Amino acid sequence: MVASPSLLALRDLPVTAAAVSPKDDAARQAALVRTHLPSVWRFLRRLGLQPDDADDVAQEVFLIAVRKTDVIEEGHERSFLFGIALRIALRARRTQKTRAERTETDVEIDQVRSPDPSSDELCARKEARVLLDKALSEMKPDVRTAFVLYELEQMTMIEIATLTESAPGTVASRIRRGREQFQSAAARFQARMR
């Protein structure tokens, strides 16, 4: 599953490298959306939001970012967007708890785009995504956030500490616990497959 067509249409805005300058806010805003929408949406899904909720939150993230384009430091756009996404996702998750639980077990986070994947490769990828989603769903939100940002989004511990307003040692501890929980989930999954 990928971001909805309406959100993906935002990525298709024409932007040339020469057009992106601090003075040209519209071009910078379009480039911001085009460059970062897929990773923000994946991050939101991996934080546990349903696809429709991830679409809504991603849209809200970019609406805020567009209004604050002038305060986003050049080269720090990703951290800024992930910070907004994290705060809105936490709020959305709290709101979601008050609603009836929805379950969609067959929703995939990433869409396979390979032109000729083998059926074995497709099955392995699906199993890996199921394992990832299951393992992430069992983690506490703070552990999940640190684990996803570090392992999947490739952010540094310092960036994560700044983003989550946590001490670097706390971030390291959460990443370690996330790894342990993930390895435990993988071992259980492999034992079931035998």
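Laboratory data are not the source of any read-out in this text; all were calculated from the coordinates shown. None of these values were measured; they are calculated from a predicted model. Backbone-built Cβ (ideal geometry, glycine too); neighbour counts: all protein chains shown.
Mind checking the dipole of region 117-194: about its Cα centre, +1 per Lys or Arg Cβ, -1 per Asp or Glu Cβ, Debye to the nearest 20?
Numbers: 13 positive and 11 negative charges, 83 e Å.
Taking the Cα centre of region 117-194 as origin, the dipole is about 400 debye.
Listing LEU131, LEU81, LEU163, LEU149 from the residue with the fewest other Cβ atoms within 10 Å to the one with the most, what is the order? If you can, show how the numbers build up before the last one.
Working: LEU131 16, LEU81 24, LEU163 21, LEU149 27.
Result, fewest neighbours first: LEU131, LEU163, LEU81, LEU149.
Within 10 Å of each residue's Cβ, count the other Cβ atoms and sort PHE43, PHE182 from fewest upward.
Result, fewest neighbours first: PHE182, PHE43.
Cut-off is 10 Å between beta-carbons; in what order do THR156, THR95 appear when sorted fewest neighbours first?
Numbers: THR156 13, THR95 10.
Least to most surrounded, the residues fall as THR95, THR156.
Given a Förster distance of 35 angstrom, what is the FRET efficiency for ILE158 paired with LYS126, based on the Cβ-Cβ distance and rounded to 0.05?
Values: r = 35 Å, r/R0 = 0.99.
With R0 = 35 Å, the Cβ-Cβ based efficiency is 0.50.
With a sphere of radius 15 Å drawn around the Cβ of ILE160, what net charge do the other residues whose Cβ falls strictly inside it have (Lys, Arg +1; Asp, Glu -1)? Intermediate values should be presented prior to the final figure.
Working: positive: ARG46, ARG78, ARG87, ARG144, ARG174, ARG176, ARG177, ARG179; negative: ASP142, GLU151, GLU153, GLU159, GLU165.
Taking every Cβ under 15 Å from that of ILE160, the sum is +3.
Give me the net charge for the shell around ILE64: Cβ to Cβ below 14 angstrom, other residues only, Lys and Arg +1, Asp and Glu -1. Show your work: numbers first, answer last.
Working: positive: ARG67, LYS68, ARG87, ARG91; negative: ASP56, GLU60, ASP70, GLU77.
Value of the local net charge: 0.
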